[in-house]
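K.L.:
Below is the structure I would like to discuss, written out as structure tokens.
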Amino acid sequence: MKISTFAGVAASLVLATVTFVPPVAAQTIASKLELQGKPKYLEVTDLMARTRNGLMALNIEISNTDNEPREAFWRVKWLDDTGFPVWADEVWKPLTIQGAAKQNLQVTAPTPKATDFRIQFTAKENSKSIF
Amino acid sequence: MTLTSPTTRLAVLSASLLLSACATVTSPTVGNNVSYGDAKAVEQVNEKFGSTDLQMIAEAMARSLAESQAGARIKPTVTIAEVKNKTSEYIDTRSITDSIRVQLLKSGTMRFVTDIAGMQDQTDELNRQSQSGLYKKSASAKLGKMEGAKYRIEGNITSIVKTGGNLKDVYYKFSLIMTDVEGGTIEWADEKEIRKTAKR
Amino acid sequence: MNRFFGPMRAARNWVPYWASLAAALILTGCAGYQKQMGSTVDAVRAGAADAALADLEAKNAGSGEKDLLYYLEKGELLRMKNAFQPSLDTWNVADEKVRAWEEQAKLDPSKLLGNIGSVVLNDTTRRYDGRDYEKVLLSVRLALNQLALGNWEGARIEIKKMHEREAVIADFRAKDLEDAKASAESKGLKATSFKELNGYPVETLEAPEILALKNAYESAIANYLAGFIYEASGDPSLAAAGYRKAIELRPNQPFLESALAELDGRAQQGVWLKDPTIPAYEEAVKAATDPKTGKLKKGIKLPPVPLRKPAVDTLILVESGLAPAISSRMIPIPLPIPSKGGLQVVMTPISWPVLEPVSALDQVTGLSIGSQATPLTLVTSVDHMARRALADEMPGIIVRTSVRAIVKGAAQKVIQDNAGSMGLAGTFLSIAAGVAAVATEQADERTWRTLPAFYSAARVALAPGEHTLTVQTPSGPTTKTIQVSGRHAVVVLRTSGNALYLAQAPYKPAAAQVIAEPEPVLLPVNRVDEKKAVNNKAEAKKQDAGKSDAKSSGAKPTKPPITSPGTVKKETAT
């Protein structure tokens, strides 16, 4: 899936300040997201990245716009400067967010080689079509 | 049947045309009764300890450990002792510690010395190379050079299972600690919790 | 009610007729499994495994596909004859059938559950899928056969299959129970508990020890054996689960509890023979140690370091008795039968399965090794499991049988109502229909009969080599010679009548000799250089010993080499 496909989706997402160390500045949350379907109730509302002791650390904030607890699955693809993956596929992680709540996910890169990332995110309930 | 008769030839020709034109490319498979799934997919078959739990625990623990040692100038030597299974489920904890070790080795943050389970084979091989007299001196392992572990990692997994009505709730806690072998101090500890709820 | 008992009363006057008709019907129909297996079981009881096998083969001589029970019974008889490989092959066929059931239970349970609504089929004509405890114990017996062949890896695989099977059954039964309940409610049937069957021997299913079981398929013996096999293959984390489950299933048994409590010690230190000189030495060291510094006081001469001898961690399983038989018992129940005048409650005689008692004498209580009496613990009673299984199955059986009886009863009612106008011939017809309804209905008596009823066990640390075991059988003490080698051993004794069968892993004299090398007792003392030197030498020896043993017995040595005196705990002989 190409990220550019999701440009439209990106616009609908709240933009937040990304303090992003390497390599490029001023990226949108959307450019770091690989959504599989358009989440009906869930949104990535904040995304921060920094490097600690050579390892990249992410803080992802997910918001539930619904009143019911909603489920999603997520994982991170770790890339190097050139966009090559530097780590094998992570396991998909299940996630439950309570109604009208925000949840922070913290994750650290497995290897210092990771300098960039993509968050793969799939909500259990998606809007009918994203196209 | 010969290919001489015009009708036959036509039939063969059309058949071959048909094949080249319409047949779809087949995948390199034998039979189609089995399908290969995504090994990283979230397994939700039942509330028992499963592959996703194993992978999530190993990942969380390996990341946390790597983070604790990131930035260290010398990669510490570590050995993984046993992770005790305190549940009454048949959980192969060695499979979890194997995954943790693989991830830490790949990340390049730690070095592992032979653990207790592998010690027998290691000492056998070492004795054979150094003492049997069969090997070239210059290219065989010498005694007294094995490295001791700076840290020892051990832990346990516990569970709380509750059933009420048509609900079954399972809570797993996997805790790991890393002890400085020389000083006996606990240098790192972390735990991963998993809650699963199943409806009957 | 009266309408029904009328013809019954008439039937008493026609006993010869009734008997001959019933006999004819039984002959043409299938004889109950109890009856069919009678002579085979008698031969087993007499200790004649060969005769029993010949008998079983003769009864299943016909062509056509043999059912699960045939393979279960045959495997057991072959095992008695110590024909472990043929027994393994036979049981593997049975296991294949159980696995097919498992697949269905996992993928399409509704198909199996559909059986509950099956009205046309008599219980005895349904495919025999095996009772739940039989499926689980089949894995246990396969594992024991693998052990008898010296294949610990194979035993480990069977044990893994065993607990996976338990999980499949647990899932399936959860669904099954719900379905049975819903089905009974939808049919408007009131009596779905055997307690409501007036005249049913309730006590055969209701003893406290039967109700105390967690379920009908998980057994302490299966899980304990799993623990032992996992421990022997160097997987203490899996072994712990096995022992813990065994304790949950049979609480307050020191035999089971000590297996878990001492697991860590055994995994780290190995198992050693008790040496009477060790406590004295320990005392001397303790007395010579300065309690403040933890170091030895100067100028005190210690006695020579005693040598401890490695032992074979031996599990002795004693199997006895035969799983209980199921017989049919006729008990009438009131059923709503559709007739000309609407629904009428008619007492309908139905044949119900009843578990026969097993002889308490079959339980083996006394075991001695050499001259040493060794306590035996009853770990699992298959008798109780069978009773619990039937108690759990009864609601389903009652629903199935009742629905079928209603259908048949409706047909019978028509004949009865018209009997009066047909004179004497009509009465005959009526009786015949009644008898037919009775005689064609037979409870499902099928059950794995040659399975042992009682599993008792003892765990001892034995010196490698030969030992004599004496078991108290009903006909007096019987002795067998066993040989143990390697780090772990499983010895299985089975009594049957006066016969005592023995199954043990092949003996490896070389392994027994290597492991028998003694080594010094290590105590946590911060000193004594000459002792360290001794230790190192012993270490090297021990590693060699462990290695060659592992190769020969197939079991991995679980005892790690002790590298620093600081990590060594006290003497651990059990």
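K.L.:
State all residues of segment A:62-91 that are within 19 Å of A:ASN104 (Cβ to Cβ) and of a type outside the set (Ser, Thr, Tyr); if no residue qualifies, say none.
P.N.:
So in segment A:62-91, the residues within 19 Å of A:ASN104 (Cβ to Cβ) come out as A:62-66, A:69-76, A:90.
If the condition is that a residue be within 19 Å of A:ASN104 (Cβ to Cβ) and of a type outside the set (Ser, Thr, Tyr), then A:ILE62, A:ASN64, A:ASP66, A:PRO69, A:ARG70, A:GLU71, A:ALA72, A:PHE73, A:TRP74, A:ARG75, A:VAL76, A:GLU90 are the ones that fit.
K.L.:
When the residues of segment C:192-243 are filtered to those that are among the charged types (D, E, K, R) and over 18 Å from the mean Cα position of the chain (by Cα), which remaining residue is nearest to the other protein chains (Cβ to nearest Cβ)?
P.N.:
Per the stated criteria, the residue is C:ASP235.
K.L.:
Still on this structure: Could we say that B:MET178 is crowded, with 16+ Cβ neighbours inside 10 Å, in contact with a Pro (Cβ under 7 Å, 6 or more places away or on another chain), within 27 Å of B:ALA70 (Cβ to Cβ) and in contact (Cβ under 8 Å) with a residue 40 or more places away in the chain here?
P.N.:
In short, no.
K.L.:
Given the conditions (1) within 14 Å of chain A (Cβ to nearest Cβ); (2) at pLDDT below 85, which single one is not true for B:CYS22?
P.N.:
B:CYS22 satisfies every listed condition except (1).
K.L.:
Which of the residues spanning segment C:479-498 are assigned to a strand (DSSP E or B) and under 16 Å from C:PHE454 (Cα atoms)?
P.N.:
C:VAL491, C:VAL492, C:LEU493, C:ARG494, C:THR495, C:SER496
K.L.:
Of all residues in segment C:92-135 being charged (D, E, K, R) and in a loop (DSSP other than H, G, I, E, B), which is modelled with the highest pLDDT? Break it down stepwise before answering.
P.N.:
Here is the first cut: in segment C:92-135, the ones charged (D, E, K, R) are C:95-97, C:99, C:102-103, C:106, C:108, C:111, C:123, C:126-127, C:129, C:131-132, C:134-135.
If we keep only those that are in a loop (DSSP other than H, G, I, E, B) as well, we get C:108, C:126-127, C:129, C:131.
Values: C:ASP108: 75, C:ARG126: 72, C:ARG127: 80, C:ASP129: 87, C:ARG131: 91.
If we take residues in segment C:92-135 being charged (D, E, K, R) and in a loop (DSSP other than H, G, I, E, B), then C:ARG131 is modelled with the highest pLDDT.
K.L.:
Filter segment B:105-122 for residues that are out of contact with any Gly (no Cβ under 9 Å at 6 or more places or on another chain) and among the hydrophobic types (A, V, I, L, M, F, W, C); which is nearest to the other protein chains (Cβ to nearest Cβ)?
P.N.:
Within segment B:105-122, the match that is nearest to the other protein chains (Cβ to nearest Cβ) is B:ILE116.
K.L.:
While we're on this one: How many residues, within segment B:34-55, are crowded, with 20+ Cβ neighbours inside 10 Å and touching a residue at least 60 places away in the same chain (Cβ under 8 Å)?
P.N.:
So the answer is 2.
K.L.:
Condition first: surrounded by 16 or more Cβ atoms within 10 Å (Cβ to Cβ), more than 28 Å from A:ASN53 (Cα to Cα), at pLDDT below 90 and within 9 Å of chain C (Cβ to nearest Cβ). Can you find one or more residues in segment B:139-161 that meet it?
P.N.:
No; the residues of segment B:139-161 include none that is surrounded by 16 or more Cβ atoms within 10 Å (Cβ to Cβ), more than 28 Å from A:ASN53 (Cα to Cα), at pLDDT below 90 and within 9 Å of chain C (Cβ to nearest Cβ).
K.L.:
Looking at (1) crowded, with 18+ Cβ neighbours inside 10 Å; (2) away from chain A (no Cβ under 12 Å); (3) assigned to a helix (DSSP H, G or I), which is the only condition B:GLU125 fails?
P.N.:
Every condition holds for B:GLU125 apart from (1).
K.L.:
Since B:THR197 meets every condition but one in (1) within 14 Å of chain C (Cβ to nearest Cβ); (2) at pLDDT 90 or above; (3) more than 21 Å from C:ALA240 (Cβ to Cβ), which condition does it not meet?
P.N.:
That leaves (1) as the condition not met.
K.L.:
Still on this model: Here is a list: C:LEU367, C:LEU343, C:LEU335. Which entry is assigned to a strand (DSSP E or B) and modelled with pLDDT of 85 or more? Let's see the steps before the verdict.
P.N.:
Details: C:LEU343 fails: modelled with pLDDT of 85 or more; C:LEU335 fails: modelled with pLDDT of 85 or more.
Just a single option satisfies the conditions, and that option is C:LEU367.
K.L.:
Among the residues of segment B:56-97, count how many are of a type in the set (Gly, Ala, Ser), closer than 27 Å to A:LYS113 by Cβ, facing another protein chain (nearest Cβ under 9 Å) and surrounded by fewer than 21 Cβ atoms within 10 Å (Cβ to Cβ).
P.N.:
So the answer is 4.
K.L.:
Here's a follow-up. Please list, ordered by first then second residue, the pairs with beta carbon atoms under 6 Å, 6 or more apart or interchain, first in segment C:347-360 and of a type in the set (D, E, K, R), second in a strand (DSSP E or B).
P.N.:
Sorted first by the residue in segment C:347-360, then by its partner, the pairs are C:GLU356/C:SER327.
K.L.:
Additional query: Determine, yes or no, whether B:GLY37 is among the small types (Gly, Ala, Ser) and at pLDDT below 90.
P.N.:
Considered against the rule, which asks whether it is among the small types (Gly, Ala, Ser) and at pLDDT below 90, B:GLY37 comes out as yes.
K.L.:
Of the residues A:PHE121, A:PHE117, which single one is within 14 Å of chain B (Cβ to nearest Cβ), in contact (Cβ under 8 Å) with a residue 60 or more places away in the chain and in contact with a helix residue (DSSP H, G or I) (Cβ under 7 Å, 6 or more places away or on another chain)?
P.N.:
Answer to the selection: A:PHE117.
K.L.:
So, one more: Of everything in segment C:244-264, what is facing chain B (nearest Cβ under 9 Å) and over 24 Å from the mean Cα position of the chain (by Cα)? Give them in sequence order.
P.N.:
The answer is C:ASP264, and nothing else.
K.L.:
Follow-up question, since we're still on this one. Pull out all pairs, ordered by first then second residue, where Cβ-Cβ is under 7 Å, the residues are six or more apart or on different chains, the first lies in segment A:90-102 and is more than 13 Å from chain B (Cβ to nearest Cβ) and closer than 19 Å to A:VAL76 by Cβ, and the second is exposed (fewer than 14 other Cβ atoms within 10 Å of the Cβ) and at pLDDT below 95.
P.N.:
A:ILE97/A:PRO69
K.L.:
Of all residues in segment C:274-284 being of a type in the set (A, V, I, L, M, F, W, C) and surrounded by fewer than 18 Cβ atoms within 10 Å (Cβ to Cβ), which is nearest to C:GLY234 (Cα to Cα)?
P.N.:
So the residue we want is C:ALA280.
K.L.:
Restricting attention to segment B:72-84, does a residue exist that is modelled with pLDDT of 90 or more and over 16 Å from B:GLU187 (Cα atoms)?
P.N.:
Yes, segment B:72-84 contains at least one residue that is modelled with pLDDT of 90 or more and over 16 Å from B:GLU187 (Cα atoms).
K.L.:
I would also like to ask the following. Being part of a helix (DSSP H, G or I), of a type outside the set (Gly, Ala, Ser) and over 43 Å from the mean Cα position of the chain (by Cα) is the filter here, so list the residues in segment C:265-312 that pass it. Talk me through it step by step, then tell me what you get.
P.N.:
Within segment C:265-312, the first condition is being part of a helix (DSSP H, G or I), and the residues that meet it are C:265-269, C:277-288.
Retained after the next criterion (residues that are of a type outside the set (Gly, Ala, Ser)): C:266, C:268-269, C:277-279, C:281-283, C:285-286.
Across segment C:265-312, the qualifying residues are C:TYR281, C:GLU282, C:GLU283, C:VAL285, C:LYS286.
The values are calculated or read from the model by the stated rules, or taken from the named source; none is laboratory data. Every value quoted in this text rests on a predicted model; they were computed, and no experiment measured them. Note that we place each Cβ from the backbone using ideal geometry, even for glycine, and neighbour counts take in every protein chain shown.
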